[in-house]
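Q: Take this structure first; my questions come after.
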């Protein structure tokens, strides 16, 4: 079942999805180790937002519009949260 899902995806989108997911997990572990670091939290949210942006772009390219609006709304919400978190780091 999982091989079918992996084979149906286009390689560049799959590579970006894996890359941003790994970065998100690493940053989440760093946040758990040092919860006082807001920069790690901002980086984690930003990479999580990029995972959703990658999925939304893949939906546009492959013309599979199932859950497209939900994916776009989620990516915008996460990217705004990351921006606000990053704003709090530097001000």
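Q: Six or more apart or on different chains, Cβ atoms under 7 Å: show the pairs whose first residue is in the range 42-61 and farther than 13 Å from residue 74 by Cα and whose second is not in a helix (DSSP H, G or I).
A: Here the result reads 58/10; 59/65, each pair linking the range 42-61 to a residue that is not in a helix (DSSP H, G or I).
Q: Report the residue count in the range 52-87 for those that are out of contact with any helix residue (DSSP H, G or I) (no Cβ under 6 Å at 6 or more places or on another chain) and closer than 15 Å to residue 10 by Cβ.
A: The number of residues fulfilling the criteria is 6.
Q: Against the definition (surrounded by fewer than 11 Cβ atoms within 10 Å (Cβ to Cβ), at pLDDT below 95 and either assigned to a helix (DSSP H, G or I) or touching a helix residue (DSSP H, G or I) at 6+ places or on another chain (Cβ under 8 Å) (or both)), how does residue 44 come out, yes or no?
A: No, not satisfied.
Q: Could you tell me whether the range 17-29 includes any residue that is loosely packed, with under 14 Cβ neighbours inside 10 Å, modelled with pLDDT under 95 and on the phi > 0 side of the Ramachandran plot?
A: No, that holds for no residue.
Q: Now for a different question. When both residues are 6+ apart or on different chains and their Cβ atoms are under 8 Å apart, which pairs have a first residue that lies in the range 62-91 and is more than 12 Å from residue 48 (Cβ to Cβ), and a second that is assigned to a loop (DSSP other than H, G, I, E, B)?
A: 62/10
The values are calculated or read from the model by the stated rules, or taken from the named source; none is laboratory data. These numbers come from a predicted model, not from an experiment. Cβ atoms come from the backbone with ideal geometry, glycine included; neighbour counts cover every protein chain shown.
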